[in-house]
1. With farther than 25 Å from GLY124 by Cβ, in contact with a helix residue (DSSP H, G or I) (Cβ under 9 Å, 6 or more places away or on another chain), open to solvent by less than 80 Å² (accessible area, probe 1.4 Å) and touching a residue at least 40 places away in the same chain (Cβ under 8 Å) as the only criterion, which of ALA21, ALA33, ALA63, ALA28 stands out?
2. Select from the range 91-106 the residues that are of a type outside the set (Gly, Ala, Ser) and surrounded by fewer than 18 Cβ atoms within 10 Å (Cβ to Cβ) and write down the one among them that is modelled with the highest pLDDT.
3. Restricting attention to the range 190-212, which residues are out of contact with any Phe, Trp or Tyr (no Cβ under 9 Å at 6 or more places or on another chain) and either modelled with pLDDT under 80 or loosely packed, with under 12 Cβ neighbours inside 10 Å (or both)?
4. Could you tell me which numbered condition SER109 fails, if it satisfies all but one of (1) under 19 Å from PRO18 (Cα atoms); (2) open to solvent by 50 Å² or more (accessible area, probe 1.4 Å); (3) among the small types (Gly, Ala, Ser)?
5. Looking for something among the polar types (S, T, N, Q), part of a strand (DSSP E or B) and over 17 Å from the mean Cα position of the chain (by Cα) - is there at least one such residue anywhere in the range 112-119?
6. Got a number for residues in the range 120-161 being modelled with pLDDT of 95 or more, assigned to a helix (DSSP H, G or I) and open to solvent by less than 10 Å² (accessible area, probe 1.4 Å)?
Amino acid sequence: ALCAVLAASVCLPGCADPDAALFPRLSATTADALEITRGGQCLALARDADGWWVALPGRRGRASDDSVDKLFTVLARSTRREIVRGGHGQLETLGLADGDGGRISITSSGRSVVDTRFGADAPGASRVFLMPDGERDVFVSPDGLADLLGLPSDDWRDRRIMSFELPDVIGVELVNQGAQMVIAPVDGRWHMTRPVDQDVYKGYVDALLFSL
């Protein structure tokens with residue numbers, strides 16, 4: 001069983017600090033390119049002055065900040081503490097043999113900051129086995145990484161129709177088959193001026209704006 005191969009690392013003189021970051025050069029503020037490949041499929045993202053964009057697959061489009069932020073957060077939490085005892089000799093079992101699993105590659109100004117293979121699901125909450133390039137050891141990711149790597153490519157895209165901040169909204173106008181509704185924020189509440197003059201439940205308006 002996979003559970004049997006896990007071991008908490010014990011630091012002896014001269015060994016690496018088990019709490020040391022697995023990807024010490026990773027910085028969410030400076031990374032500018034990201035690729036996740038698995039099974040012949042490639043998800044490629046790139047960042048410019050306007051933020052992250054999905055470059056592959058399909059058309060170029062703005063990336064989901066939420067998905068990108070979650071990925072960087074999980075990778076930044078990866079440490080050397082949970083190591084797989086004898087993992088290098090069990091690559092096929094762990095889904096890390098040649099041709100198995102996938103790869104996460106992140107660069108900053110052309111310099112690699114993350115280059116790791118990922119394999120089968122590991123015991124725990126949405127965890128996978130990781131084997132960074134240049135390492136003979138296999139590690140277990142923090143919770144949540146397996147779910148992110150399993151997202152369809154569309155979930156890496158920003159699904160918002162428009163981009164704005166709620167405090168910047170000074171009015172909402174809805175028109176449908178000639179009928180018009182006009183709503184505006186007044187003293188911390190939403191107020192309708194057309195077709196009737198009355199306050200509107202804030203939750204309804206917020207839900208509408210969030211859907212955009």
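The values are calculated or read from the model by the stated rules, or taken from the named source; none is laboratory data. What you are looking at is a predicted structure, and each value in this text was computed from that prediction instead of being measured. Neighbour counts are summed over all protein chains in view; Cβ atoms, including those assigned to glycine, are modelled from backbone coordinates with ideal geometry. We work out accessible area using only protein heavy atoms, side chains counted, and drop any ligands, DNA or RNA first. Shrake-Rupley method; radii C 1.70, N 1.55, O 1.52, S 1.80 Å.
1. Working: ALA21 fails: farther than 25 Å from GLY124 by Cβ; ALA33 fails: in contact with a helix residue (DSSP H, G or I) (Cβ under 9 Å, 6 or more places away or on another chain); ALA28 fails: farther than 25 Å from GLY124 by Cβ.
Result of the check over ALA21, ALA33, ALA63, ALA28: ALA63.
2. Looking at residues that are of a type outside the set (Gly, Ala, Ser) and surrounded by fewer than 18 Cβ atoms within 10 Å (Cβ to Cβ), I get ARG103.
3. At the first step, the residues of the range 190-212 found to be out of contact with any Phe, Trp or Tyr (no Cβ under 9 Å at 6 or more places or on another chain) are 191-198, 203, 207-208, 210-211.
The answer is PRO195, VAL196, ASP197, GLN198, GLY203, ALA207, LEU208, PHE210, SER211.
4. Only one criterion in (1) under 19 Å from PRO18 (Cα atoms); (2) open to solvent by 50 Å² or more (accessible area, probe 1.4 Å); (3) among the small types (Gly, Ala, Ser) is unmet by SER109, namely (1).
5. So in the range 112-119, the residues among the polar types (S, T, N, Q) come out as 112, 116.
Pick out the ones that are also part of a strand (DSSP E or B) and you get 112, 116.
Right, trim to over 17 Å from the mean Cα position of the chain (by Cα) and you get 112.
Scanning the range 112-119 turns up at least one residue that is among the polar types (S, T, N, Q), part of a strand (DSSP E or B) and over 17 Å from the mean Cα position of the chain (by Cα).
6. Total satisfying the criteria: 1.
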